[in-house]
Every structure is written in structure tokens, then in C-alpha cells.
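Down below is the structure, laid out as C-alpha cells.
The values are calculated or read from the model by the stated rules, or taken from the named source; none is laboratory data. Remember, predicted model here, so these are calculated numbers, not experimental data. Neighbour counts run over all protein chains shown; Cβ positions are idealised from the backbone, glycine included.
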Amino acid sequence: MSPQRKDLRIVIMGCPGAGKGTQAKRLCERFGLAHLSTGDLLRAEISNGTSLGRKVEDYLRRGSLVPDEIMVELTCAKLDAVEGGWLLDGFPRTLPQAQELQAFLVSNGRKLDMVLALELKEGVVIRRLTSRWSCPSCGEVFNLLTRPPASAGKCDRCSAPLAQRPDDAEATVRRRLMVYEDLTRPLVAYYRGENLYEEVDADRSMDEVSSAVAALIEGTVLARK
Ligand code: AMP
């Protein structure tokens, strides 16, 4: 389907493992949006060995949040460079980040259209994340429950040995969930107050979640534009 290009500005949030990355990619294709994933940006800085990468790698390994000042500067610089609509994936994750984003948008005469949250229960998250493996060589992602590799431990595409993201180990997943509850969950009330918050049940197949999300955007934001 050809993308319906609109100047949409959407934030996607959801606890680790809710399928944010996959849904974000699909949404961007469908609605012709630029995809800005702060996790991907940070991982690229780390694998390129930049000074920012060296500064942030311990936070990612431990499953804690990178300080707000670093995240705000990185994200606003990237948003500034985007022409047209965008989908922000992984930012904001704290109230101060949300307030800085708001100030940045206001100073550019822009506003958010929607904050979309993918909701999942904790037990499901832990099962999902600890079964996620990916190929360090080509980036293909597998899931031992829903999409196992054809040959155990090997990438279907390039045969390289699969690895777990260091922050997908169970202890780190539990820590990331605690961080989510403590620091990111307050954004729900904040964005409800701004009348921007919409929730989707993420305990369904990826295709079902994608359809629900697309219907929500079409029925609310696009209907208003
Ligand atoms: P993600 O791929 O979105 O799960 O992000 C992976 C990791 O990157 C997180 O666990 C944090 O350590 C870091 N990170 C990504 N986005 C942010 C953010 N907005 N604020 C603080 N840390 C972040």
C-alpha cells in the first residue's frame, strides 16, 4: 500500500518487549513517517565507538536510563533535521523529557498528534524478551517462541551464530521494567491530561496490533486533519 503522507507527529511508548520497534517500522511505512528510535540511535553510537557511545554504553548494559540532558539534546537535534511527519520511538521516557519535547515543539510552532501506548502484562514481557535473539552480523531478529530460527542458534539469512541483546538477559529485563514503571509510567497521566494518550492491547499477534494501531490513527488523528 502506498503511504498516506501526512504531517503526523506521533510518540509510541510501551514497556520493553511490547513490540514497539516492529510496530513503529510498520506505522512509518504505512503513513510515510520518519522513524526516530532513540534506542537504535544510541546502539549505533556505541557500535561506531563515538564519544557519545562511550558515555552511554554502561547505562544501556545495566538497563538504566541515559541522563535526560543527553537524550534531549540528541533527540531534538535529530527531530530538527526531519522534514515532514515523524514517529518518535523510545522518547520521551521521563517527565522532564516530555516537558523538554513540548517546549521544543512549541518553539517550532508544532504539536504532537498522538501518544500511542502498547500495553502488555509483566509476565508476558519477561517471557517475550528473554526469548528474543538476533544476528550480530545482519541484524535479523528471532524469537524462540514466535519465530525460531530454522537451525538452532544460527541466523536463517547469513548463518552467523545468534546472540542475545545484553539488555535482554532476565535480570536486566526486570530492571528495565522497574525503570519503566517508576520513570516512564507517569507519562500516561501527563499525556492523558493533554488529551493525546491512546492505548492499544499488545498481547496479540503483530498483525492484529498493527491493524488496531492503524485504525486508531485513521479514526482519530487523520479524521481531524
Ligand atoms: P530501547 O531500544 O528503546 O529499549 O532503548 C534501549 C536503551 O537505550 C534503554 O534501556 C536506555 O538505556 C536507553 N534509552 C533509549 N531511549 C532513552 C530515553 N529516551 N531516555 C533514556 N534512556 C534511553
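Data for the structure
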read-out: Of residues in segment 54-67 being in contact with a Ser or Thr (Cβ under 9 Å, 6 or more places away or on another chain) and either surrounded by fewer than 17 Cβ atoms within 10 Å (Cβ to Cβ) or β-branched (Val, Ile, Thr) (or both), the one nearest to Arg165 (Cα to Cα); value: Arg61
read-out: Top-ranked residue of segment 109-132 - restricted to ones that are in contact with a helix residue (DSSP H, G or I) (Cβ under 8 Å, 6 or more places away or on another chain) and at pLDDT below 95, ranked as surrounded by the fewest Cβ atoms within 10 Å (Cβ to Cβ); value: Lys111
read-out: Lone unmet requirement of (1) more than 19 Å from Val115 (Cβ to Cβ); (2) more than 18 Å from the chain's Cα centre (by Cα); (3) surrounded by 13 or more Cβ atoms within 10 Å (Cβ to Cβ); (4) at pLDDT 90 or above for Arg157; value: (3)
read-out: The listed residue being within 14 Å of the chain's Cα centre (by Cα), near the ligand (Cβ under 9 Å from one of its atoms) and of a type in the set (Lys, Arg), out of Arg43, Arg26, Arg61; value: Arg43
read-out: Sole exception among (1) modelled with pLDDT of 95 or more; (2) within 11 Å of the ligand (Cβ to nearest atom) for Leu95, by number; value: (2)
read-out: Restricting segment 46-58 to residues that are more than 22 Å from Thr22 (Cβ to Cβ) and among the aliphatic types (A, V, I, L, M), the residue that is nearest to the ligand (Cβ to nearest atom); value: Val56
